[in-house]
Amino acid sequence: MGGATLDDLFESHARDDGTPCFKTPAYVYDLDGISASAAEFIAGFGAVSHLVAYALKASTSGPIVRALSDVGCGATVVSGGELSVALASGIPAEKIVFNGVAKQDWEIDLAIGTGTRGILGLHVESVEEVERVRARARALGRRARVGIRVNPDIEADTHQKVATGHDEAKFGVPVEDLALAWEEISTAPELDLVGLSCHIGSQLTQTTEMLRSVELLLGMAREREVSGGRLEYLDFGGGFGIDYGGMREPPPPPAAFAAAIARRVADSAFADRLVVVEPGRCLVAPHGVLCASVVLAKRTRAAVVPRRWLVLDTGMNDLVRPAMYGAHHRVEPMRAAPPGPGEGLPFRVVGPVCESSDDFGEHRFTEPLPSRVLLRDAGAYGFTMASEYNGRPLPTEIFLSKGVVSAARRPRLVEGWVDEQIRM
């Protein structure tokens, strides 16, 4: 997406009064690209039995979830809300796994009570959670299909705030407690132990990191099955990275991760089991952009060291990743300008929010400056993490299929936000 076609989206769709149908800030997604990425990822597993369980936390938007369901994806959810979206979008209960360290009773009930036998796997993340799930299964008069999410104590080479498999992370059952959790589940008449899971972190850039966790999980599964029981599936988590631009060593394509996992499992004693993975970012991030208008260009200290800011109508309220993680997103003119001399001038691209961290980094632009820009690779952890901070409406979402708008979600007006604040 980009160039004249994307720019025209905000100019040519006019209402009867001539005002644009879509305004910035707006997320725009290519549903065909998302479907193609998922199909390639699925194909990477070859003949190995597998389930690509899309991580809804990357984006819960209905058109995206339905597009992924249509190509055969299941779902990974971390809340009852996400579980409800997955089910309503056509994903069968038997293709859904549920992670999370603080599942409430109603969420456990929904996972156990959905369909004829509940979801594929409700992953407990502590020994203490086993009794909570057991109590809810007993109250419902149903058996709960339970998996154990293990904390493998692996320091993944990724940002500290998205590393989830080290020993100080809140996620998963510690390795030293695995035997106890296994025994408690296996001996509970209300529970069926069906899976073993781990997830070491997000934005992994090498297959070697993923294969370390694969080896560990295979080893733990072998060791535990000796004591009794047989697992239906092994869930190796997600975290498959993408190139946000400027990386010295871009990560391999998602299908390469899939093929590496499949080869290792095929050579193991678990070749006949279901392999589950939980991709999110790699399926949707490259196929979404955040479109913004340039409010003004600010220049100061021209006689000393020039300072230049390109001020946008979008900010950390719409895309919080740069403020939260120091994440990088390429910022480019929406309509490509004719090539000019040199590399252009550096501008600090910032948003309207009253926070110093509302900053998208330094990017170069040539004169004349663009009236609109786009932030690349914003299809994941964008709208789903957006807020109305500073009294700013949520951004619009626009979904394209075969190059035309197939669905859109418009934000409520500022007046609606104001009314909600003052009517209490």
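Quick note: the coordinates plus some simple rules give every number you see, no bench work behind them. Quantities reported herein were computed from a predicted structural model and do not represent experimental measurements. Methodologically, a virtual Cβ is constructed for each residue, glycine included, from the backbone with ideal geometry; neighbour enumeration extends over all protein chains shown.
Calculated FRET efficiency, Thr187 to Lys298, Cβ-Cβ distance, R0 = 60 Å: about 0.35 to the nearest 0.05. If R0 is taken as 51 Å, the Cβ-Cβ distance between Glu223 and Ser387 corresponds to a FRET efficiency of 0.70.
Sequence gap of 8 or more, or different chains, plus Cα separation below 21 Å: how many lysine pairs satisfy both in the chain? Count of close lysine pairs: 7.
A DSSP coil position with no more than 13 other Cβ atoms inside 10 Å describes the following trypsin sites (Lys or Arg not before Pro) in the range 251-332: Arg301. Site pair Val311 and Ser49 shows an inter-label distance of 6.1 nm when each label is modelled 7 Å from Cα along Cα→Cβ. Remark on the range 31-282: Rg and Dmax equal 17.0, 55 Å (Cα only). Straightening the chain between Cys21 and Thr366 buys 121.3 nm, computed as 0.36 nm per residue apart minus the Cα-Cα spacing. Counting Lys and Arg as +1 and Asp and Glu as -1 over every other residue whose Cβ lies under 14 Å from the Cβ of Phe399, the net charge comes to 0. Taking amide hydrogens as placed 1.01 Å from N in the peptide plane, the amide H of Leu51 sits under 5 Å from those of Val275, Val276, Val277, each at least 5 positions away in sequence or on another chain. Labels on offer are (i) 26.1, 113; (ii) 23.4, 78; (iii) 38.9, 137, and the one holding Rg and Dmax of the Cα atoms in Å computed from this structure is (ii).
Only helices enter this figure: runs of n ≥ 4 DSSP H residues, each worth -39500 (n - 2.57), summed and divided by the residues of the chain, yield -8500 deg cm²/dmol at 222 nm to the nearest 500. For the range 186-241, trypsin sites (Lys or Arg not before Pro) meeting the loop criterion (DSSP other than H, G, I, E, B) and having at most 11 other Cβ atoms within 10 Å: Arg230.
Put simply, when 367-375, 244-252 are sorted by average Cβ atoms within 10 angstrom per residue, most first, you get 367-375, 244-252.
Between the C-alpha center of the range 202-242 and that of the range 345-390 there is a gap of 37 Å. Spin-label pair Leu180-Arg66: with each label point 7 Å from Cα along the Cα-Cβ axis, the two points sit 4.7 nm from one another. A simple count of charges around Met334, restricted to other residues whose Cβ falls under 12 Å of its Cβ and scoring Lys, Arg +1 and Asp, Glu -1, yields -1. Grab the other residues whose beta carbon is less than 9 angstrom from that of Ala323, score K and R as +1, D and E as -1, and report the net. Cβ neighbours under 9 Å give a net charge of -2. Here the 3J(HN,Hα) profile of the range 88-93, calculated from phi with Karplus coefficients 6.51, -1.76 and 1.60 at θ = phi - 60°, is 5, 8, x, 7, x, 4 Hz, Gly and Pro shown as x.
Inter-label distance, Asp8 to Ala139: 5.7 nm, where each label sits 7 Å from its Cα along the C-beta direction. In this structure the amide hydrogen of Ala144, modeled in the peptide plane, comes within under 5 Å of the amide hydrogens of Leu191, Asp192, none closer than 5 places in sequence on its chain.
Highest mean packing comes first when the peptides 179-185, 126-132, 52-58 are listed by Cβ atoms within 10 Å, giving 52-58, 179-185, 126-132.
You can think of it this way: the chain between Met424 and Glu232 has 64.0 nm of extra reach, that is 0.36 nm per residue less the Cα-Cα gap. Here the gap between Ser401 and Ala102, fully extended at 0.36 nm per residue and compared with their Cα-Cα distance, gives a gain of 103.9 nm.
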